[in-house]
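What follows is a set of notes on a single structure, which appears directly below.
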Amino acid sequence: MSRRVALSAVAAGAVLLGGAGAFALAHAGEQPPTLADSAARYTAPGGDRDGSLTFVTDVTASSGVESVKVLAWPESSSFAEEGLTTKDMAAAEPAVCEPSHGDTARCTYTIAVTGPDAESSPRGDWHVAVLATAENGTTTLDTGAAGFTVR
């Protein structure tokens with residue numbers, strides 16, 4: 001092979017690899033957010049003190065985390081049969097997210113549970129649904145990110 005042909009082949013290979021790398025980077029930037037280490041803790045009210053529901057999760061998004069919405073729902077609700085959608089999550093309450101490390105944010109949702117709230121809540125298993133939205137507009141809906149029991 002002549003030197004000129006070899007150099008052309010090397011240049012073409014570099015362009016091809018560079019293009020593939022750019023595609024991989026662009027594709028990586030479009031990945032939806034991921035959730036990890038999700039947990040819920042429910043504390044029932046007692047005596048003169050309120051209880052609480054706290055949910056935490058780590059959300060990773062290469063473009064950054066735009067928002068995280070949280071909805072607790074009882075196993076006995078219509079969501080168990082019909083399933084939750086992103087539309088259902090539109091009115092869900094936001095979690096507070098703080099940068100953790102790299103592209104990851106630690107998101108926390110806490111709400112007080114009063115005696116009357118607890119009395120009117122269905123007993124049994126509950127689920128926590130999460131809708132995470134990245135800065136690039138991609139979303140992840142996890143309808144069972146965590147669970148807890150109301151006794």
Worksheet item: Considering only protein heavy atoms, what per residue accessible area in square angstrom results for the stretch 66-151 with a 1.4 angstrom probe?
Response: 56
Worksheet entry | Part-to-part distance (alpha-carbon centres) for the stretch 77-104 and the stretch 123-141, which is given in Å | 3
Worksheet entry | Amide H contacts under 5 Å for Thr85, placed H, 5+ residues apart | none
Worksheet item: With each label point set 7 Å from Cα along the Cα-Cβ vector, what nm distance links Thr85 and Glu119?
Response: 3.7
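Could you please state how large a percent of the accessible area of the stretch 41-151 is carbon and sulfur, counting protein chains only and using a 1.4 Å probe?
Working: 2960 of 6020 Å².
C and S fraction of accessible area: 49 percent.
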Discussion item. Taking every alpha carbon pair in the stretch 53-93, what does the distance histogram look like in 5 angstrom bins from 0, in percent?
Written reply: 5, 16, 24, 23, 19, 8, 4, 0
Worksheet item: How much of Arg123 can a 1.4 Å solvent probe reach, expressed as accessible area in Å² and rounded to 10?
Response: 120
Discussion item. Can you give me the solvent accessible area of Cys97 with a 1.4 Å probe, rounded to the nearest 10 Å²?
Written reply: 40
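The values are calculated or read from the model by the stated rules, or taken from the named source; none is laboratory data. Note that the structure is a prediction, hence the values are computed from the model and not measured. Ideal geometry is used to build each Cβ from the backbone, glycine not excepted, and the neighbour counts take in all protein chains shown. Keep in mind that these areas ignore ligands, DNA and RNA; they rest on the heavy atoms of the full protein, side chains included. Shrake-Rupley method; radii C 1.70, N 1.55, O 1.52, S 1.80 Å.
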